[in-house]
1. Counting only residues that are more than 19 Å from Ser52 (Cβ to Cβ) and acidic (Asp, Glu), which one in region 71-119 is farthest from the ligand (Cβ to nearest atom)?
2. Which one of Leu394, Leu434, Leu430 is in contact (Cβ under 8 Å) with a residue 40 or more places away in the chain, within 16 Å of the ligand (Cβ to nearest atom), among the hydrophobic types (A, V, I, L, M, F, W, C) and in contact with a strand residue (DSSP E or B) (Cβ under 6 Å, 6 or more places away or on another chain)?
3. Answer yes or no: is there a residue in region 69-83 that is farther than 27 Å from Arg138 by Cβ, surrounded by 15 or more Cβ atoms within 10 Å (Cβ to Cβ) and in contact with a Ser or Thr (Cβ under 9 Å, 6 or more places away or on another chain).
4. If Val14 satisfies all but one of (1) buried (at least 16 other Cβ atoms within 10 Å of the Cβ); (2) more than 12 Å from the ligand (Cβ to nearest atom); (3) closer than 18 Å to Ala426 by Cα, what's the number of the condition it fails?
5. Hey, which of the helices (runs of 4 or more DSSP H) in region 255-316, taking only ones fully inside, have at least 1 residues that are of a type outside the set (A, V, I, L, M, F, W, C), free of Cβ contacts under 8 Å to residues at least 12 places away in the same chain and within 14 Å of the ligand (Cβ to nearest atom)?
6. Scan region 325-339 and give yes if some residue there is charged (D, E, K, R), under 21 Å from the mean Cα position of the chain (by Cα) and under 23 Å from Leu275 (Cβ atoms), otherwise no.
7. Restricting to region 41-93, give me the number of residues that are in contact (Cβ under 8 Å) with a residue 12 or more places away in the chain, in a loop (DSSP other than H, G, I, E, B) and not polar (S, T, N, Q).
8. Being more than 12 Å from the ligand (Cβ to nearest atom) and in contact (Cβ under 8 Å) with a residue 60 or more places away in the chain is true for just one of Gly202, Gly147, Gly169, Gly131. Which residue is that?
Amino acid sequence: MAAAIAWRNWSGTVSARPARVERPGSVEELSDAVRRAVGAGLRVKAAGSGHSFTGVAVTDGVLLRMDALDAPVRIDGRSGLVTVEAGMPLHRLNSVLAAHGLAMTNLGDIDRQTVSGAISTGTHGTGARSGALAAQVRALELVLADGSVVRCSAEERPELFAAARVGLGALGVIASVTLQCEPAFVLHAAEGPMRLPDVLGGLDELLADNEHFEFYWFPHTDLALTKRNNRLPAGERPRPLGRARAWFDDELLSNTLFEAVCRLGSAVPAVIPRLNALSGRALSARSYSQESHRVFVSPRRVVFREMEYAVPREAVTEVVRAIHDWVADSGERIVFPVEVRFAPADDIWLSTAHRRDTAYVAVHQYHRLPYERYFRAVAAIADAVGGRPHWGKLHWLDAEALRGRYPRFDDFRAVRDRVDPAGVFANPYLDRVLGPVGTRGVSGG
Ligand SMILES: Cc1cc2nc3c(=O)[nH]c(=O)nc-3n(C[C@H](O)[C@H](O)[C@H](O)COP(=O)(O)OP(=O)(O)OC[C@H]3O[C@@H](n4cnc5c(N)ncnc54)[C@H](O)[C@@H]3O)c2cc1C
């Protein structure tokens with residue numbers, strides 16, 4: 001008889017029927033769980049909070065729930081180096097940091113992920129000069145396939161560190177993460193509509209002038225909502241939105257009403273272009289300032305499917321224009337805005353921003369609507385410029401295609417072959433995107 005479904009991801013795209021579920025509460029228990037699984041001939045996968053859209057966290061072996069490993073380990077206010085257990089969710093990390101006068105340099109759109117789940121797939125926010133969460137990692141403690149506990153950093157096992165910061169859960173189970181944080185800071189947020197051609201035409205200045213710039217383009221319109229977040233000078237008083245305005249914008253407009261818009265659009269797709277024009281105008285200009293983590297993240301309650309490609313920064317205008325033209329010609333009706341963000345080049349082997357300044361183009365579809373035709377069309381546009389799909393979001397690429405997009409792909413696979421020769425941490429998604437363990441030669445490696 002097949003095992004019961006014991007785990008499902010946030011968007012409902014994948015589920016897992018593991019042979020058993022374990023919930024280690026210490027590094028010793030974690031190492032013991034890995035040893036026992038291997039002894040029983042089972043594969044192992046740590047699950048974060050299930051916010052990946054792909055099967056990256058799925059296993060038929062032992063599923064490790066990491067929520068009992070969620071405590072702070074060491075906080076050094078002076079250096080800003082903070083070590084936390086791997087299962088700590090980002091929202092708690094942010095509170096712990098704030099209580100010590102510290103903050104993350106950059107964050108993504110939400111804070112529901114675990115710190116290790118977020119870094120493992122390359123979770124990022126936006127900022128031409130500040131990188132993904134993994135770029136803020138200074139050391140990792142990992143349980144390897146033989147149950148041993150090892151540390152890695154730029155000085156200690158540097159190859160493992162370069163691979164494991166965005167490790168896709170393929171190299172071992174992260175037990176703790178050391179992050180370089182900085183003194184807490186306040187962000188000034190300025191949001192407002194612009195015409196898409198003006199955004200694309202003025203991108204260089206918008207990126208140069210703002211620490212964190214992003215925009216949302218509403219398909220079937222020429223409207224974009226722009227967001228610019230910049231630090232307030234130390235000592236300046238934050239001016240948050242009033243409670244009523246924050247609730248109106250972030251809960252009512254962005255969630256409750258948007259859910260209604262999505263449902264209406266699903267029932268009567270022909271009205272979507274008009275709904276998008278209304279949505280683009282409803283999100284009017286606003287500005288406020290608040291602690292950085294409150295500005296970076298927002299509640300996301302409307303369930304969707306997502307694909308996101310990292311494209312070379314210099315190709316983003318061409319990519320967005322091509323998507324615009326495809327939407328106009330295709331007859332598809334797209335209710336979700338297209339989100340465009342930025343990151344600087346980094347040195348992490350499987351980071352989507354590896355060695356190139358990057359723009360992220362994310363497409364979403366309401367969970368009750370088909371997404372495949374739209375996403376495949378956008379994937380083809382992004383593939384044509386050497387785009388790299390987000391490891392946690394939907395895509396169709398395999399190891400052969402991805403190998404050509406990451407200069408250190410084979411180095412990653414060599415480290416994996418060394419630390420996990422039997423494929424204890426493998427699963428079908430990893431077999432597809434990395435190739436099965438020990439098969440580097442098969443695809444030409
Ligand atoms: C609403 C929503 C908003 C999002 N916003 C953003 C965004 O702004 N920017 C962005 O880049 N992405 C975003 N994402 C994607 C999301 O950040 C990533 O998919 C992230 O990996 C999810 O983290 P998680 O804790 O849910 O991990 P899971 O999805 O559960 O797992 C992800 C991977 O991490 C591995 N893993 C988890 N814990 C460990 C561990 N202890 N050791 C080793 N491996 C481990 C898993 O095995 C798996 O391979 C968003 C997703 C959703 C649903």
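All of the numbers you see were taken from the coordinates with simple rules; none came from a lab. Model, not experiment: these values are computed from the prediction. A quick note on method: Cβ atoms are made from the backbone with ideal geometry, for glycine too, and the neighbour counts reach across all protein chains shown.
1. Step by step, filter region 71-119, then rank; the result is Asp76.
2. Selected residue: Leu394, the only one of Leu394, Leu434, Leu430 that is in contact (Cβ under 8 Å) with a residue 40 or more places away in the chain, within 16 Å of the ligand (Cβ to nearest atom), among the hydrophobic types (A, V, I, L, M, F, W, C) and in contact with a strand residue (DSSP E or B) (Cβ under 6 Å, 6 or more places away or on another chain).
3. No, region 69-83 has no match at all.
4. The failed condition is (2).
5. Here the list is empty.
6. Within region 325-339, one or more residues are charged (D, E, K, R), under 21 Å from the mean Cα position of the chain (by Cα) and under 23 Å from Leu275 (Cβ atoms).
7. Of the residues in that region, 20 qualify.
8. Going through Gly202, Gly147, Gly169, Gly131 in turn, the sole match is Gly147.
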